[in-house]
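What follows is a set of notes on a single structure, which appears directly below.
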Amino acid sequence: MLISVVNRSTKVADAELQAAVRAINRQLEEDFYPHWQFGARLRVDSAGRVPRSRERKVDLPQLPGRRGDAVIYLVDHPTMAQTEGYHDSSNLDVPFGFVFLDACGEDADCWTVALSHEAIELVGDPLSNLLVQGPHPQDRRHLVFHQYELCDAVSGEYYEIEGVKVQNFVLPGWFSRKAVKGARNDFLGRPRSGTSLRPFSVAAGGYLLFWDDRMPEGKKWTPFYDSRDGMAERKVQDKLANKLSRMSRRERGK
């Protein structure tokens, strides 16, 4: 899978973006692929980007046509709540993602982690239409349908490659219905309270969004996160609002 990265931000120079892309490509090849046996390459593609100066603002034209298998845009201002980024597919089934620089902060919220996050999740579910049946995080006897997201559960964790911060991600074992003793279910694999991350659970700063048919209409998409974690609460509430907004636009044919 080839993912084009288009820089429409005024805050990140192309050289800085290229350094981040090199690190994320190493992550995809050296860390992600050995566990998942599929992957992608990112390519900086400035087609359609008009340089702008601080003194004169220039509107950026639309990217002409489809480049590669998917595209991620770096832009300044969030278009959907105060979220660092999101990914989806267009009405023409073109996978795409956004990273919003003004919403990014430091460490786990920085723009390179957001770019790594969206790239990995585009690889895992390019059309954003996959669900996995698994236990409810609070009632594991009840099965629900989880979004096939590879970073959300550990979105508060990152590590560095060549000085570039990149997103932690879950491993295939995270999607098991039963915990396996000694299993490593996320890439960093740090023990939490003496045990590794359980399947279908969240690390600090992580969250889940799943479909629960026991809930009434309008509330079947259900968020889960540690209620003591303000960062996770903000992220999952933004994601839920964005998902419902995108679904509503699709139903209207927009």
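The values are calculated or read from the model by the stated rules, or taken from the named source; none is laboratory data. These numbers were taken from a predicted model, which means no experiment stands behind them. Positions of Cβ are backbone-derived with ideal geometry, glycine not excepted, and every protein chain shown enters the neighbour counts.
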Select from segment 141-170 the residues that are among the aliphatic types (A, V, I, L, M) and farther than 21 Å from D226 by Cα and list them in ascending order.
-> I161, V164, V166
Of the residues in segment 127-168 that are surrounded by 15 or more Cβ atoms within 10 Å (Cβ to Cβ) and of a type in the set (K, R), the one that is nearest to V94 (Cα to Cα) is K165
Name the single residue, out of those in segment 86-111 being of a type in the set (A, V, I, L, M, F, W, C) and more than 14 Å from S9 (Cα to Cα), that is modelled with the highest pLDDT.
-> C110
Among (1) in contact (Cβ under 8 Å) with a residue 12 or more places away in the chain; (2) more than 20 Å from V123 (Cβ to Cβ); (3) among the acidic types (D, E); (4) in a loop (DSSP other than H, G, I, E, B) - the single one E217 does not satisfy | (1)
Strands (runs of 3 or more DSSP E) within segment 110-178 that include 2 or more residues more than 16 Å from E84 (Cβ to Cβ) | 131-135, 143-147, 158-161
Which one of G194, G163 is more than 27 Å from D238 (Cβ to Cβ) and modelled with pLDDT of 90 or more?
-> G163
